[in-house]
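Single-structure report; data block below.
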Amino acid sequence: MQRVQPGEAMHRPQGRESDARSGVDDRSSRARTQRTFLVGCQRSGTTFLQAALSSHPRILSIPETAFFERALPGRIDDLVRRSLSGAAIDARQRGRDYLRVQRRVRRALRSVADELGVATGTLGLHFGLGGYVGEFAGLLDTAAHAGGCHAWLEKTPNHVFYLDVIERHLPQARFIHLLRRGEDVVASAVDASMRYAGYGDGRVFWRGVPWWVACWNAAVAAHVQHAGRANHCIVFYDDLLRNFAGEYARLCAFIGVEPVDARLGAHKRIADLGNEPWKNGALSGQLIPATPKFDALFGPDVRSWIRTQLSCYDEVREMLCGRIACGSER
């Protein structure tokens, strides 16, 4: 892929005047790029939804960056442990020493730049996370602008646990939350741990059932906390199955693009299927309800324990819909 400097176009769509000719300042144009994050508990269908949205010619998307996971390691485990212990979940970051993770963050920035084909130049040395977040968003802005895209979509499911950090440093960002029934998420994660144990670094699905239950509960807490806010959009996996066209149009409006025919098989490259074979089905171009695995994988005692530990999906959905309705009335 041809590399570009920030502000330099990789290519311009035919028939479109250059920003220079139309008198639009390049920085101003990039500043108008809509920044959207797609989040949710892993195994909730985020890859499929990313593929559907990234098929839009005005939306740029790339493989998961895990940028905030790299910048603030340990946060997810902290939140899940609190959920396991029954303690109140507080996602606020407390006094991290950012100097300890500078090397990891800079490495993450270079990885994103390589994926985008954007030259980083000399990365600044920042004594706080905000400067690195600005460089991260700037790389995506530059690539989106160069490709003639109105928006970019970053999908790292675990960024659901970093919403406060992202909003603090990118206050204009928007967030799409995808929620799937907890039983299906836990069963899918356990099934994947058996099928794909030898792929990647072996740590993608290595956790046990109690951890996945607590992880889903912690993600639900984040969904509930942010539901009803203007820059947050809640999507239910069940609704995608029942009314994909309507949900797709709603999400396009949220991002700020006109809906087009969602050619699900024509998405841009958003995954490394050699190392992430579990995403093959999500990128097949077909919306097929997943085969129920919960009853097949777990015996009656384990099923009973999981159901008593998970937040009640129907109650969570009702609560979220109520908050969304209240938010739309404000």
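The values are calculated or read from the model by the stated rules, or taken from the named source; none is laboratory data. Treat the numbers as computed from the prediction; the structure is a model and nothing was measured. Here the Cβ positions follow ideal geometry from the backbone for every residue, glycine too, while neighbour counts run over all protein chains shown. Surface accessibility is based on the protein's heavy atoms, side chains included, excluding ligands, DNA and RNA. Shrake-Rupley method; radii C 1.70, N 1.55, O 1.52, S 1.80 Å.
These residues, ILE176, ILE324, go from largest to smallest accessible area, 1.4 Å probe, as ILE324, ILE176. Ranked from largest to smallest solvent-accessible area, with a 1.4 Å probe on the protein heavy atoms, THR156, THR120 come out as THR120, THR156.
Sorting ARG107, ARG180, ARG229 by solvent-accessible area of protein heavy atoms yields ARG107, ARG229, ARG180, largest first, with a 1.4 Å probe. A Förster radius of 41 Å combined with the Cβ-Cβ distance from ASP295 to ARG250 puts the calculated FRET efficiency at roughly 0.80.
Entry comment: accessible area of the range 44-85 is 29 Å² per residue, from protein heavy atoms only and a probe of 1.4 Å. Just the accessible area for ASP301, please: 1.4 Å probe, Å², rounded to the nearest 10? Accessible surface of ASP301 is approximately 130 Å². The solvent-accessible area of CYS326, taken with every protein chain present and a 1.4 Å probe, is close to 70 Å². Using the alpha-carbon centroid of each, what span in Å lies between the range 126-195 and the range 209-225? The distance from the Cα centre of the range 126-195 to that of the range 209-225 comes to 17 Å.
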